[in-house]
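Engineer: Handing you this structure, nothing more for now.
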């Protein structure tokens, strides 16, 4: 009986792995869960149990069943003794928590992972992104104000540009009108001077018998 259970477990786990490779994650998850049930009646090491939980967590994550993924990764991290592997599992827990919108929980997992493996660049990057997202979510008004101010600044700048264009047009128009007035005044002045000279000549007697 126990041999049959072991065979059934092995078959279910192997089938699940094949389905996972084929990217049929929903079907793979069903096969993995079947293997998980059979695992409870089989004697195996903690490392072997953790391995199945890791694969279950990865498959559930791919299937976007993040609640199941979180539970299986938590089972795996409790059984894992290797520091590097434990840090990687904590990173998975952080990523899964982010998908569940549990930002504070994700930050805690990332920090735990960094303590175990400070050289893990991905853990540090994910932590920075989680902290940034938390900061933004805690200050929605500030974010909205920045967006509003950005829009207002654009509107103000646009209005200023239009005013400058209008003022430049007015200046150009005023200069042109001033030139026209100046030319007209010069013509009128010259005409008046010419008229005065003519009138003066007409009123003055000629000494040589000529009118000019």
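Engineer: Would you order 131, 52 from fewest to most other beta-carbon atoms within 10 Å of each residue's own beta-carbon?
Structural biologist: By the 10 Å Cβ count, ascending: 131, 52.
Engineer: Please work out whether region 71-129 counts as rounded, prolate or oblate from its C-alpha gyration tensor, where a ≥ b ≥ c are the square roots of the eigenvalues and a/c under 1.5 means rounded, while otherwise a/b larger than b/c means prolate and anything else oblate?
Structural biologist: It comes out oblate by the Cα gyration axes.
Engineer: Using all alpha carbons of region 1-60, what is the percent of pairwise distances in each 10 Å bin, ordered from the shortest bin to the longest?
Structural biologist: Computed distribution, short to long bins: 26, 56, 17, 1.
Engineer: Name the shape class, rounded, prolate or oblate, that the alpha-carbon gyration tensor gives for region 16-114, where a ≥ b ≥ c are the square roots of its eigenvalues, rounded holds for a/c under 1.5, and otherwise prolate holds if a/b is larger than b/c and oblate otherwise.
Structural biologist: Taking the square roots of the gyration eigenvalues as a ≥ b ≥ c, region 16-114 is oblate.
Engineer: Subtracting the Cα-Cα distance from 0.36 nm times the residue separation, let me have the gained length for residue 48 to residue 22 in nm, one decimal.
Structural biologist: 7.0 nm
Engineer: Just want to confirm a number: the relative contact order over region 1-60, from Cα pairs under 8 angstrom separated by 6+ residues, in percent.
Structural biologist: 38
We did not get these values from a lab; they are worked out from the coordinates using the rules stated. None of the values given here were measured: they were computed from a predicted structure. Because the Cβ atoms are built from the backbone with ideal geometry, glycine has one as well, and the counts that use them run over all protein chains shown.
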